[in-house]
Amino acid sequence: VQLQASGGGLVQTGGSLTLSCVASGSIRSPNSMRWYRQAPGKQRELIAGINSSGITNYADSVKGRFTVSRDNRKNTGYLQMNSPEPEDTAVYYCNMLIWGTRFNYWGQGTLVTVSS
């Protein structure tokens, strides 16, 4: 499985940005697509996830501002970032975990910079 993340860039506080993650290859279900981020000098953190049934979960730091979704027909996941703050500046990574297996796949990161 290969994951290709895109959509990062520069966004102003109060704006919005949507990241995409396209999965290709032999994708098995059930699975979870998750979004992590890593800010400069900090550890990578899990911020949102959605399983193949559409159940979502969020870290408190993004709850109410970010929305995770997926289109299983397109094998694509999305992270919509509303009202981002400078503290959201980080490299964002998508991840796919295949349930019941040891398979855990990572995409390359995409940089999001939020300016005030």
**Study point:** Qualifying residues in region 82-104 (those that are among the hydroxyl-bearing types (Ser, Thr, Tyr) and assigned to a strand (DSSP E or B)) - the one most open to solvent (accessible area, probe 1.4 Å)
**Key:** TYR93
Check your understanding: Among (1) touching a residue at least 24 places away in the same chain (Cβ under 8 Å); (2) under 13 Å from the mean Cα position of the chain (by Cα), which single condition is SER69 missing?
Key -> (1)
Check your understanding: Taking into account only those residues within region 72-97 that are among the β-branched types (Val, Ile, Thr) and within 12 Å of the chain's Cα centre (by Cα), which is nearest to SER16 (Cα to Cα)?
Key -> VAL91
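Residue by residue, here is whether (1) open to solvent by less than 50 Å² (accessible area, probe 1.4 Å); (2) out of contact with any Phe, Trp or Tyr (no Cβ under 8 Å at 6 or more places or on another chain); (3) assigned to a strand (DSSP E or B) holds:
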residue	(1), (2), (3)
ALA5	yes, no, yes
GLY14	no, yes, no
LYS42	no, yes, no
VAL62	yes, yes, no
VAL68	yes, no, yes
GLN80	no, no, yes
Point to revise | For THR13: the one exception among (1) free of Cβ contacts under 8 Å to residues at least 24 places away in the same chain; (2) farther than 12 Å from LEU79 by Cβ | key: (1)
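The values are calculated or read from the model by the stated rules, or taken from the named source; none is laboratory data. Everything quoted here is computed from the prediction, not taken from an experiment. All Cβ positions, even for glycine, are placed from backbone atoms using ideal geometry, and neighbour counts span all protein chains on display. We work out accessible area using only protein heavy atoms, side chains counted, and drop any ligands, DNA or RNA first. Shrake-Rupley method; radii C 1.70, N 1.55, O 1.52, S 1.80 Å.
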